[in-house]
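See structure below.
The values are calculated or read from the model by the stated rules, or taken from the named source; none is laboratory data. These numbers come from a predicted model, not from an experiment. Here the Cβ is made from the backbone with ideal geometry for all residues, glycine too, and neighbour counts use every protein chain on show.
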Amino acid sequence: MDETKLCKKCNTVKARNCFYSNTGNCKPCSNKVSKEYRRKNHIKIINQERHRRRYCIESIWLNRHSQMRRSVEGRSTIKRKCTGRDICTQQEFLNWCEETRPIFMKMHKEWEESGFKRKFIPSIDRIDNDGGYALDNIQWLTLSENSAKDNLQYLTTARTEDGKFMKRDY
Ligand SMILES: [Zn+2]
């Protein structure tokens, strides 16, 4: 019986026991190949997960509520003065999202058609900037509409005649 075998990977003749059974590569080469394979797949899996987290609708909703919570808890990285304001619960918010799903889907479609451009990200706007994230004070706005509104808040035109704040006409 042949006591040596040629590894096709490193092109080296090695003893039989340096090979796993029925493989053309020696043990170190086999380990290297499978490690590389796992590493590549791992990245692929991570990217798929990242994409899913970012674009799956329910994940976006959960993410928006987390942002709102960070904001009222004063943990937001974005400069927003709404620490301590009221906020709906996660379940209340998800129910509201279901109710406003057609609006969200329309905005999501625009966002997708733009190639997921940042300015089209559906964001949660506080209708009255002095209020919090109660259900009667939130609406979906694109990120650019939301920041345009932030810039407008110092102008009287941001309020309607009866003193109400600008609300999106979907
Ligand atoms: Zn080898």
Scope region 6-19; condition touching a helix residue (DSSP H, G or I) at 6+ places or on another chain (Cβ under 6 Å) and either of a type in the set (Ser, Thr, Tyr) or more than 7 Å from the ligand (Cβ to nearest atom) (or both); matching residues: Cys18
Residue count, region 1-28 (criterion: in a helix (DSSP H, G or I) and either within 38 Å of the chain's Cα centre (by Cα) or loosely packed, with under 14 Cβ neighbours inside 10 Å (or both)): 2
Go through region 114-134 residue by residue and tally those that are surrounded by 15 or more Cβ atoms within 10 Å (Cβ to Cβ) and outside any loop (DSSP other than H, G, I, E, B). 7
So which pairs qualify, if the first residue must be in region 1-18 and closer than 12 Å to Cys29 by Cα, the second must be near the ligand (Cβ under 10 Å from one of its atoms) and at pLDDT below 90, the Cβ gap must be under 6 Å, and the two must be at least 6 apart or on different chains? Lys8/Gly24
Mind checking whether some residue in region 125-148 is modelled with pLDDT under 85, within 20 Å of Thr100 (Cα to Cα), touching a strand residue (DSSP E or B) at 6+ places or on another chain (Cβ under 8 Å) and among the aromatic types (Phe, Trp, Tyr)? no
Scan region 72-90 and give yes if some residue there is part of a loop (DSSP other than H, G, I, E, B), among the acidic types (Asp, Glu) and loosely packed, with under 11 Cβ neighbours inside 10 Å, otherwise no. no
